[in-house]
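Trainee: For reference, the structure I am asking about is given below.
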Amino acid sequence: MRTARAIWANDLRSVVRDRTVGGLLVVPLVFLVLLRAGVPLLERRWPAVGDHHAELLGLFCVIVGMFPAFMTALLMVDERDQGLVSAFRVLPLSPARFLGARLAVAGLLGLLYPLLLLSASGLGAYGAGRALVLAALCAAGGAAALLVAVSLAKNKIECLTAFKALFVLAAIGVTGALGDFSGVSALPGVLPAYWVFGAFAAGGTGAFLSASAVAALLYGIVVGIFHRLFRRNFF
């Protein structure tokens, strides 16, 4: 626990020092304002927007669930550039504990941010249990994105590029809320976010649990693959 606190303290100093990274912390509040005030304005001009609350809320929740992981990935890659990861290797610190300390904070914020949007956006009525599952799936997407980015990126520019691509792939998954899994529409089904959006739009409990289970399974596969790459390429 002492090692985890030391890592978190170092991350906090980095956030304070880098205002760009720290500024990302307020992005969820901006999203909340957009959903709370912006969507009703859009509905007045385009009433059809009212039929797509699940897609809009899901899109913002998936993205905001990835933001803490994005900030953490930038900090981790920056540490590697500064040679700090080499110093970590000589400490009694396993790769699992190092990664776990990072994922703990990113996962917690990645859970709380979507919960904030689900509870305060005014779009849709989700029970506590369903909202918690949806927020957990969004946080899992952030954890998977972090592993992918830090395993592949060699510097902060490549990390930023990787997350741009991951944000786009997550947004493509919005087709899962349309409920059409046939022909070309089935292609995004390989993306975990496809099933997350399907869970957002699911009406019945069975459909919700099925979509959530597939999303969790796919995220688990991604984490399993890129955890090995992380051990080999980063730590």
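Trainee: Kindly report, to the nearest 10 Å², the accessible surface of K156 as traced by a 1.4 Å probe over protein heavy atoms only.
Mentor: Roughly 70 Å² of K156 is accessible to a 1.4 Å probe.
Trainee: Next question. Where does the range 125-168 land on the Kirkwood hydrodynamic radius, alpha-carbon pairs, in angstrom?
Mentor: 11.6 Å
Trainee: Also: How long, wide and thick is the range 31-77, going by the Cα atoms along their three principal axes, in whole angstroms, largest first?
Mentor: Reported extents, whole Å, longest axis first: 44, 16, 11.
The values are calculated or read from the model by the stated rules, or taken from the named source; none is laboratory data. Everything numeric in this text was worked out from a predicted model, so none of it was measured. With ligands, DNA and RNA removed, areas are computed over all heavy atoms of the protein, side chains included. Shrake-Rupley method; radii C 1.70, N 1.55, O 1.52, S 1.80 Å.
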